[in-house]
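Written out below as structure tokens is the structure these notes cover.
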Amino acid sequence: MLLKKTFIIALLALFTGSVLQAQNFKYIGAAKCKMCHMKPAKGEQYKKWLEGPHASAMKTLSGDKAKEIAAAKGIADPATDPGCLKCHSTYGHIDSKLAAGLKMSEGVSCESCHGPGSMYKSASVMKKRDLAMQKGMILATEEVCRTCHNEESPTYKPFDMAKFSAEIAHPDPTQAD
């Protein structure tokens with residue numbers, strides 16, 4: 001009986017510790033990711049993101065097409081509308097208290113797809129995927145992508161995970177899947 005109680009207490013302590021730690025995950029911004037993910041030996045992920053559609057997602061909200069769509073929906077400025085920002089900027093869908101180094105202008109940054117990086121950003125953690133995931137890293141699954149790429153978007157196109165993920169692929173050649 002004592003062993004069972006000890007086991008239950010240990011599980012509760014582990015769960016409570018995990019919940020408390022999860023509350024400490026903060027968004028650090030793409031500039032911090034760039035420090036390691038710009039290197040050719042690592043696959044230049046930052047450069048690939050910067051040249052892709054996610055980095056310029058905020059800029060699209062200032063274009064004529066976005067303004068036309070916004071006007072039709074009664075939105076004064078899509079670049080400031082919460083309904084638009086939630087998918088066009090990582091900053092636009094998080095509690096600002098969690099944004100340690102994140103900026104609205106980054107658009108859809110690394111942490112929209114991979115989770116807040118404050119606890120997994122160090123090389124010693126990133127070398128161990130299981131540990132990184134315990135520290136807040138997430139994998140960019142179809143479910144993660146569909147939080148924005150869905151029918152709610154006024155410019156929605158049928159979502160093809162294989163096609164779209166190939167267009168933005170930025171693998172780390174030093175990591176095995």
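Annotations for the structure displayed:
- Computed on the chain, with alpha-carbon pairs under 8 angstrom and 6+ residues apart, the relative contact order is 27 percent.
- 10 Å-binned pair-distance histogram of the chain (Cα, whole percent): 9, 32, 32, 17, 7, 2, 1
- Spatially proximal aspartates and glutamates relative to Lys48 (Cα-Cα < 17 Å; intrachain offsets below 8 disregarded): Glu106, Glu111, Glu167, Asp172
- Cα→Cβ-extended label distance, 7 Å offset, between Lys59 and Met35, nm: 2.6 nm
- Under the simplified labelling scheme, the Gln134-Lys157 pair shows an inter-label distance of 4.1 nm, with each label point 7 Å from Cα along Cα→Cβ.
- When only alpha carbons are used to place a centre, the range 120-177 and the range 43-80 end up 20 Å from one another.
Read-outs throughout are calculated quantities, based only on the coordinates presented, and are distinct from any laboratory measurement. Remember, predicted model here, so these are calculated numbers, not experimental data. In this analysis, Cβ positions are derived from the backbone assuming ideal geometry, glycine residues included, and neighbour counts consider all displayed protein chains.
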